[in-house]
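The values are calculated or read from the model by the stated rules, or taken from the named source; none is laboratory data. All values reported here derive from a predicted model rather than from experimental measurement. Note: ideal-geometry Cβ built from the backbone for every residue, glycine included; neighbour counts use all protein chains shown.
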Amino acid sequence: MNYIGPSMNPTLKSGDRLCIIPYDGQKIRRGDVVVFVPPGGDSKIIHRVVSIHSQGIKSRGDNNNELDQWVLKPDQILGRVVSAQRGNRRRRVFGGPVGQLFAAVLRVIHAIDSHVCYLLRPAYNELARVGVFACLLPAKMRPRVISFDRTEGKELQLLMGRRVIGRWLPGRSRWHICRPFRLFVDEESLPEIPGKASVVPPEADQLSVVDEP
């Protein structure tokens, strides 16, 4: 499967090609990165197992502050992610105790990052609003928008060079632009209707896609 979405960053990033294997009777462990279909849903989601108890299994994305709202049963888990290929580089995705430790370190980093961002947010927002960096950006580096057909609707992506710096996901009401790239983007000029963007046909997706909320 190809991974899309921000909830497992930086463990996984959009465009990663994932190797997923079924459990086949093996024990599901805390710390495993798993593929599952949530109760009442039909889209596959990839998150990390954070607790296992008699009522079921709880999960969370490595980039999310809150636990997922659902409680999973073992038969809803399709398999675990064992590796991710990004470009020409393939790397292992750790689960179990090592995965737990990795997720704990990420939460500490997120907490520090959130505190620093809170202090710097007013200055960052003002610089983004003024748009001085966007004006200085060379024409060949200016962001461009493309559109993909997804099961849930059209997804807009904002690219700078070959890097995806922002997304408008189906069902969302605004753009999500990664820091610090808002400094280089004129958000008022970005399309809010998929029809304003160039469309990439469905056959451009070579692999099945895991969509995340």
For this session: Quick one: count up the residues across region 153-189 that are surrounded by 12 or more Cβ atoms within 10 Å (Cβ to Cβ), under 17 Å from Tyr3 (Cα atoms) and either charged (D, E, K, R) or in the same structural domain as Gly41 (by TED's automatic domain parsing) (or both).
Result: 3
Exercise. Under 21 Å from Val50 (Cβ atoms), assigned to a strand (DSSP E or B) and out of contact with any helix residue (DSSP H, G or I) (no Cβ under 9 Å at 6 or more places or on another chain): does that describe Gly99?
Worked result: no
For this session: Go through the residues of region 126-144 one by one and say whether even a single one is closer than 23 Å to Gly87 by Cβ and crowded, with 18+ Cβ neighbours inside 10 Å.
Result: yes
Exercise. If you check Val132, Val185, which single one turns out to be over 30 Å from Val35 (Cα atoms), out of contact with any Cys (no Cβ under 8 Å at 6 or more places or on another chain) and modelled with pLDDT of 75 or more?
Worked result: Val185
Seminar exercise, completed: Val145 passes all but one of the listed conditions (1) more than 23 Å from the chain's Cα centre (by Cα); (2) under 30 Å from Asp42 (Cα atoms); the exception is number (1)
For this session: Identify the residue in region 98-124 that is free of Cβ contacts under 8 Å to residues at least 24 places away in the same chain and of a type outside the set (A, V, I, L, M, F, W, C) and, among all such residues, is farthest from Val185 (Cα to Cα).
Result: Arg107
For this session: Hey, could you check region 54-72 for residues that are out of contact with any Lys or Arg (no Cβ under 9 Å at 6 or more places or on another chain) and surrounded by 12 or more Cβ atoms within 10 Å (Cβ to Cβ) and say which is modelled with the highest pLDDT?
Result: Lys58
Problem set entry | Among the residues listed as Ile46, Ile20, the single one being at pLDDT 90 or above and either surrounded by fewer than 21 Cβ atoms within 10 Å (Cβ to Cβ) or part of a loop (DSSP other than H, G, I, E, B) (or both) | Ile20
Problem set entry | Of all residues making up region 60-83, the number that are over 15 Å from Phe102 (Cβ atoms) and either among the acidic types (Asp, Glu) or outside any loop (DSSP other than H, G, I, E, B) (or both) | 9
Exercise. Got at least one residue in region 82-95 being farther than 23 Å from Pro22 by Cβ, without any contact (Cβ under 8 Å) to a residue 40 or more places away in the chain, charged (D, E, K, R) and not assigned by TED's automatic domain parsing to the domain that holds Gly41?
Worked result: no
For this session: With respect to Gly25, determine if the residue is out of contact with any strand residue (DSSP E or B) (no Cβ under 9 Å at 6 or more places or on another chain), over 27 Å from Arg150 (Cβ atoms), of a type in the set (Gly, Ala, Ser) and at pLDDT below 90.
Result: yes
